[in-house]
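Written below as C-alpha cells is the structure these notes are about.
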Amino acid sequence: MQALGKLLRFFNTIKYLRPSQLYGRIWFHLYRPVPELSKEPERRKPEKWIAPILKPQSFVSDNKFNFLNHIGELNSCEDWNNPKYDKLWLYNLHYFDYIQSKNADEEASNYHNLIKRWIIENQPGLGNGWEPYPLSLRLVNWIKWLMSVNYPPDIMLHSMAVQARYLGKRCEYHLLGNHLFVNGKALLFAGLFFKGKEADEWFAKGQQIINREIAEQVLEDGGNFERSPMYHAIFLEDILDIINLLKAFNRPVFNEISDLVAPMLVWLEAMSHPDGEVSFFNDSAIGISSSYRQLKAYAVRLEFEVRDEGLGRLSVFKDSGYMRVNYGSLDAILDLAPVGPDYIPGHAHADSLSFELSLYGRRCFVNSGTSVYGASSERIRQRGTSAHNTLVIDGENSSEVWGGFRVARRAYIVGVSVEETENEISIYGEHTGYTRLSGGPIHKRKWQFFSDKLIITDQIASKQSHRAAVYFHFHPDWDVFLKDEIIFIKQSNHMVRLVIEGQGTTELCDSSYHPEFGMSVPNKKIVYHRQEKCFGIIKTTISW
C-alpha cells in the first residue's frame, strides 16, 4: 500500500510537467559536451556602465567565506566541491557575488587571486562550478566586475569564453523558470562583452531565451509567475542588469522590457513589509535578493521615472493572486494565489489562504520562512501548511509538497471576492487542496478589516467531520501569552488581543522562525484544535 502511495504521488507530480521537461531531462544527463578551449574572441569596450547593486560582503578573510549564515574555508582545490558543505553553500562559493561587494576595491588583489584559483582548480566541464546555474551567475558577476574598470587576470578572458561556449550547449530547458532565464542572461552578457561571430551567436541565443521567458514569467499584474517575493526581486534585478548592459553597449532595449520595471516595483513594494524586506510566501528569505529600496534606487540610476505615490488602502494583484491591505496601524498581505506555475512549482509552499501582518510598522504575524533547501525533513516541514498562518485539515498539507522541490496534488484558489466600503474591507476565498480527503472538504476563509480589528472566519465545507487546526505564528520580537482563553501579543507599549470563538482548545507552543537561510530563531505560535462539523465556523478576532 505504501509503494502504491509513492507511485501515485510521483504520478501526480510528473503529470503536470511539459514534454520538453521530460525528454529534456534525459537529454541533459546523457549529453555531455566537450569544453571548447580555443582562443577567446576580442573584447568590446562599453560606452557607459551604471553601478549595479552592491552585494553583502561574504568574503571574511584569508580563505574564509560566510554564506547562508555559515562560515566555511577554501583551503585546497578539493574545497570547491567539498561534500561537508551543503550544495547551496558551494553554489554560493562559485557564484562570485562577493566580488560585487562594497569593499571590492580593497579586496581587488584577493579577488584576482580567487579568480585565478577558480580557473586553475576547476577543470572545464567538471564539478559544481560548471553546472549551468552557478556558471551563469559567475559569468555575469565576472563581466559586471570587469565593466566596473577592474583589469582581468591574464587567464580570465579565455576562461570566460570557454564558460560561455559550454553554457551555450547546457542551457537548462529541462528545468525552465529562473534557471533558464539566468542562462539566457549570461549568454546575453557574454555576447556583448565579447565581439565577433561567436559572440553574436551567444547574444542571439540569449535574446531568444530572454524574450521567451519574459513573456512566460512576468504576469499582467507585474508579479513573477513563481509567486515568491524573493525570486521576484531577483528577477527584477536581472531585468535592470540587462537594461544596464544594453545601454552600456548602445543597443536598443528589446521586447519592451523597460515597461516591466514599474509594475514589478509596485508588486514588490506591496509584497514587502514596512521594514522594507520581503514577506515569506513560498520560498522567500531576507538576505538573498535585493530589497525594494535597493531595486528602486537602481532603477532611478538607470533613469527610470519611479513615482513615489505609496500604496493605497487596498492593492489587488489579480493575476498573481495576492492582496495588500493598509488600514490604520495595520499592513497585511494575503495569499489567494496558486502555489506557482503547474509545470515548475519547485519553490512552492503549502501556504494557501495564509497571511502576514505588520502592526505599527513591525512584523507581528509571520509565516515561518525558509532556511534550508535540499530534501531534509526540516525542508518539508517549512514548506508545510502548519508552518503558515492558515488552517490544516486532518493533519495534512493543503498541497502535497515532498522532496526538496516537488509538489504532487496541489490547491487551487476559487471563489475570490472583494468588497470595500468606507469602514470595512472584506476579502473572501476558498481552496480545493483538501478535496482529495474523505468527504471532499473545502477550506473557506474570510478576512474583514476594520480600523482597529481584523476578523478571520474559517469554515470547512464537507460531507463529514474533520479535525481542524488553525495556526498563528508570531514574530520573535513580540511577547505572547495566554490568559483565560485570550491571547495577548505585546511589544513595548503596543498590545494586541486575539480571541478564537468555538468549542475547541487553544495551545500556546514554542516554534521556530527562519527569516534567513541558515537561521533559526525561537518564537511562539498559537494552535487552535477543533473537531470541525460540516459547515462549522471558527471565528478569530484580532484587535489592537
Measuring from label point to label point, each 7 Å out along Cα→Cβ, what is the LEU54 to GLN448 span in nm?
5.1
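Taking 1 over the mean of 1/r across every pair of different Cα atoms in region 458-529, what Kirkwood radius in Å do you get? Write down the numbers at each step before the final one.
Numbers: mean 1/r = 0.0723 Å⁻¹.
For region 458-529, the Kirkwood estimate is 13.8 Å.
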Longest to shortest principal axis, alpha-carbon extents of the chain, angstrom:
75, 56, 44
Near LYS525, which lysines are there with a Cα under 26 Å away, not counting those fewer than 8 places off in the same chain?
LYS444, LYS446, LYS453, LYS483, LYS490, LYS533, LYS539
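What is the ratio of the Cα radius of gyration of region 316-391 to 2.2 N^0.38 Å, with N the residue count, to two decimals? Spell out each step's value before the answer.
Values: Rg = 13.6 Å, N = 76, 2.2 N^0.38 = 11.4 Å.
Its radius of gyration relative to the 2.2 N^0.38 Å reference: 1.19.
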List the lysines whose Cα sits under 26 Å from the Cα of LYS55, skipping any in the same chain fewer than 8 residues away.
LYS45, LYS64, LYS84, LYS87, LYS102, LYS116, LYS144, LYS185, LYS247, LYS296
Compute the normalised compactness of region 232-370: alpha-carbon radius of gyration over 2.2 N^0.38 Å, N being the residue count.
1.10
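Please give the contour-minus-distance gain from GLU121 to GLU303: 0.36 nm per residue of separation, less the Cα-Cα distance, rounded to one decimal in nm. Show your work: numbers first, answer last.
Details: separation 182, 0.36 × 182 = 65.52 nm, distance 4.11 nm.
Additional length available on full extension: 61.4 nm.
So, counting K/R as plus one and D/E as minus one, what does the shell of residues with Cβ under 15 Å around LYS525 add up to?
Numbers: positive: ARG363, ARG381, LYS524; negative: ASP351, GLU356, ASP477, ASP479, GLU507, ASP510.
Residues close to LYS525 contribute a combined charge of -3.
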Overall Cα dimensions of region 50-175, principal axis frame, Å, largest first
38, 35, 26
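Can you give the calculated 222 nm mean residue ellipticity of the chain, where each DSSP H run of n ≥ 4 adds -39,500 (n - 2.57) and the sum is split over every residue, rounded to the nearest 500 deg cm²/dmol?
On the way: 12 runs with 165 residues, N = 544.
Helices in the chain give a 222 nm mean residue ellipticity of -9500 deg cm²/dmol.
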What translational D, rounded to a whole number of µm²/s, comes out for region 314-543 from Stokes-Einstein when the hydrodynamic radius is the Kirkwood one over Cα pairs, at 37 °C and 0.692 mPa s?
184
C-alpha center-to-center spacing [region 138-180, region 268-325] in angstrom:
29
Each residue of region 151-160 in turn: what ³J(HN,Hα) in whole Hz from Karplus with 6.51, -1.76, 1.60 and θ = phi - 60°, glycine and Pro shown as x?
8, x, x, 4, 9, 6, 4, 4, 4, 4
Karplus ³J(HN,Hα) for region 515-521 (6.51 cos²θ - 1.76 cosθ + 1.60, θ = phi - 60°; Hz, whole; x = Gly/Pro) runs x, 9, 4, x, 10, 9, 10
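Any read-out appearing in this document is the output of simple, stated calculations on the displayed coordinates, not a laboratory observation. Note that this is a predicted model, so its numbers are computed, not measured. Neighbour counts run over all protein chains shown; Cβ positions are idealised from the backbone, glycine included.
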